[in-house]
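Here the structure is laid out as structure tokens; the discussion comes afterwards.
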Amino acid sequence: MDLHGILKEAFTSLSVNTIKTGLIWLLRVAWIAGTLPILIASLPFPILNSFRALLLSFAKRGKIMPSSSHRFTVPHSFFLHFYLLAVVWTTSLLTCTWYFAYKVAPLGTESLSYPFAASHLTGGSHVFSIHKSRFTSAKDRFNVWKSVFLLLLMEAHVLRRLYETFNVFNYSSSARMHIFGYLTGIYFYTAAPLSLCTFCVLEAFNFAADQVAEFKVEGQELVSITGFDLWGYVKPITRLGWCQWAGAAIFAWGWFHQYCCHAILGSLRERGDRTADYVIPHGDWFEIVSSPHYLAEMIIYAGLLVASGGTDFTIWLLLGFVVANLSFAAAETHQWYLRKFEDYPHNRGMEGELSSCCSCEEAAKTHRYTDILVL
């Protein structure tokens, strides 16, 4: 590599590292800023009652928001926007990161996917030399593929949520949510996937941009050497550690039960039913907690944390925000149930030991419920 190439690589590496550090701290500050007010409002001090009421007014939605409160609100069905954004954004991150990992960060004894990688790495193309030089250690390459794995899990989550929005939920036309809660949801589904791949996301996007530029120059010559190798994309994932697969198992546990709870809620209102009566939901984790879909969401993000290896403080802060936010909402929902129903089961709480419960199908046949409350 000539002097110009060396200087370009050094400058590019410095710029990317500076931007990456800024991005990581921006995400961390944002998660802390979102979590602290919730923690403060949860403190049992009378002096905080006004602040707590203000925060609750932002957090209320669906059945716990008075139907007459339309000021600064949007339809509850706008949850669809969250999941459309989440699917598009997570898919983009996953595509770029996975392609980058396949081309630049091979695991084990695998070599770069291009047959003539050696010529590129000795000066034939700065695209590979600049990017691969930053991921020379086995640990760095492993972390790149770990980011791919986390994004795959997130993709499974947001795709299911989008499916549920179209095929499971039946939002009431009168259900509303505060505009602040809506904007918080937009931010969350932008920042959460990004928090899972900060280790290499900038390099992945830069690499994708370089590949597009190189394609424009080399055209058909580039196409002829880039055949799709499905096993090459999948094999490194099978080489990840026990921590990643343990996290995936926890994620799948929460993922399945959240789907069951959403199926119960969604099936308890007939399509087109706009009545405002409520009954107590039963089935699955509804037998032990008032908002089991919230509990399942916490487990999902706990699984992501375990799969990450627990070494990224940004993901810890992401989980902290999810737990604080959903616990705060679950407490209000639980109080709403107690006020609404005199015969509400008092053994239900915000958390508890999970036990075997009836299936989603059994609950769906016997109970009606007329609103949906989800993250």
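The values are calculated or read from the model by the stated rules, or taken from the named source; none is laboratory data. This one's a predicted model, so the numbers in the text were calculated from it and none came from an experiment. A quick note on method: Cβ atoms are made from the backbone with ideal geometry, for glycine too, and the neighbour counts reach across all protein chains shown.
General remarks:
- Residue in the stretch 193-202 that is over 16 Å from the mean Cα position of the chain (by Cα), at pLDDT 90 or above and surrounded by fewer than 21 Cβ atoms within 10 Å (Cβ to Cβ) present: yes
- Every condition in (1) more than 19 Å from the chain's Cα centre (by Cα); (2) modelled with pLDDT under 90 holds for GLY181 except the one numbered (1).
- Of the residues making up the stretch 240-255, those that are surrounded by 16 or more Cβ atoms within 10 Å (Cβ to Cβ) and at pLDDT 95 or above number 8.
- Check on LEU94, at pLDDT 80 or above, within 18 Å of ILE186 (Cα to Cα), assigned to a helix (DSSP H, G or I) and aliphatic (A, V, I, L, M): no
- Filtered residue count, the stretch 151-173, keeping only those that are touching a Leu at 6+ places or on another chain (Cβ under 8 Å) and modelled with pLDDT of 95 or more: 6
- Whichever residue in the stretch 225-239 is surrounded by 11 or more Cβ atoms within 10 Å (Cβ to Cβ) and more than 12 Å from ALA101 (Cα to Cα) and, among such residues, is modelled with the lowest pLDDT: ILE225
- Per-region count, the stretch 307-316, residues assigned to a helix (DSSP H, G or I) and crowded, with 19+ Cβ neighbours inside 10 Å: 4
- Search result, residues across the stretch 32-86 that are of a type in the set (Phe, Trp, Tyr), more than 23 Å from SER291 (Cα to Cα), surrounded by 12 or more Cβ atoms within 10 Å (Cβ to Cβ) and at pLDDT 80 or above: PHE51
- Whether a residue is part of a helix (DSSP H, G or I), modelled with pLDDT under 95 and exposed (fewer than 13 other Cβ atoms within 10 Å of the Cβ) was assessed, and ARG271 does not pass this test.
- Selection within the stretch 160-176 - out of contact with any helix residue (DSSP H, G or I) (no Cβ under 6 Å at 6 or more places or on another chain) and assigned to a helix (DSSP H, G or I): ARG160, TYR163, PHE166, ASN167
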